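The block underneath contains the structure these notes are about, expressed in structure tokens.
The values are calculated or read from the model by the stated rules, or taken from the named source; none is laboratory data. Bear in mind that the values here come from a model prediction, so they are computed numbers and not experimental data. Every residue, glycine as well, gets a Cβ built from its backbone with ideal geometry; the counts of neighbours run over all protein chains shown.
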Amino acid sequence: MKETERLVNYKNLIGKRAYFAKEDKYAGLVKDIVFLLDQKKAVALVLERGMLPGLKSAILFANILSTGEDGVILDSKANLLSLKEVRKSFKNYIPGNYQGKRICSKTGKEYGRVYDIIINLYTGAVEAIEASDGLIQDAYSGRKLIPFMDQVEFAKEMIVIDKISEEEILTGGGLKEI
């Protein structure tokens, strides 16, 4: 039975070494994740291959077999795409580096900045955003976990959350609970 949900963090994927299982070869270093704005999901990993930073390629999330402390296991080199092919296939995409962007509600209330993005490894769906209010506030109150509901909007400068997401925010950890 294949799993249908395994959550991974954006921060834990970036910088990992990736390997092709079928060919038993090094695939490259995970440099970024490509997100589709309209579908609110991750669709591909961007890999930097070899010693030249300009040589970047991508592999779809569907071709990820597993992730762990040691790296990311991909199915086969045959599924490797160029970034140009990704751009053609997915019109409304953005690179995934939303870390540090502001998170606001539609009413203008601020919830901090994006600390991490939590993704379902098997579907690519963005499940939640972890928000930070800064080191001191995080130490006292803990970080906020904002579930990703239907009406969350990506903007260039920020992420705007809907009322449902706003009501479902979880806060955990921190000195306040102790």
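Structure data summary
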item: Sole residue being at pLDDT 85 or above and either outside the structural domain of Gln39 (by TED's automatic domain parsing) or out of contact with any Leu (no Cβ under 7 Å at 6 or more places or on another chain) (or both), chosen from Lys163, Lys106; result: Lys106
item: Selected residue (criterion: modelled with the highest pLDDT) from residues of the range 82-98 that are surrounded by fewer than 15 Cβ atoms within 10 Å (Cβ to Cβ) and assigned to a loop (DSSP other than H, G, I, E, B); result: Lys91
item: Selection within the range 152-170 - surrounded by 13 or more Cβ atoms within 10 Å (Cβ to Cβ) and not charged (D, E, K, R); result: Val152, Phe154, Met158, Ile159, Val160, Ile161, Ser165, Ile169
item: Selected residue (only one of Ile178, Ile136 is loosely packed, with under 12 Cβ neighbours inside 10 Å, over 21 Å from Val126 (Cα atoms) and modelled with pLDDT of 70 or more); result: Ile136
item: Tally of residues being out of contact with any helix residue (DSSP H, G or I) (no Cβ under 6 Å at 6 or more places or on another chain), hydrophobic (A, V, I, L, M, F, W, C), outside any loop (DSSP other than H, G, I, E, B) and surrounded by 17 or more Cβ atoms within 10 Å (Cβ to Cβ) across the range 7-32; result: 5
item: Residue list for the range 49-81, filter: at pLDDT 85 or above, among the small types (Gly, Ala, Ser), surrounded by fewer than 17 Cβ atoms within 10 Å (Cβ to Cβ) and over 30 Å from Leu145 (Cα atoms); result: Ser76, Ala78
item: First in the range 68-94 and free of Cβ contacts under 8 Å to residues at least 24 places away in the same chain, second anywhere and assigned to a helix (DSSP H, G or I), Cβ under 6 Å, 6 or more apart; result: Asn79/Asn63
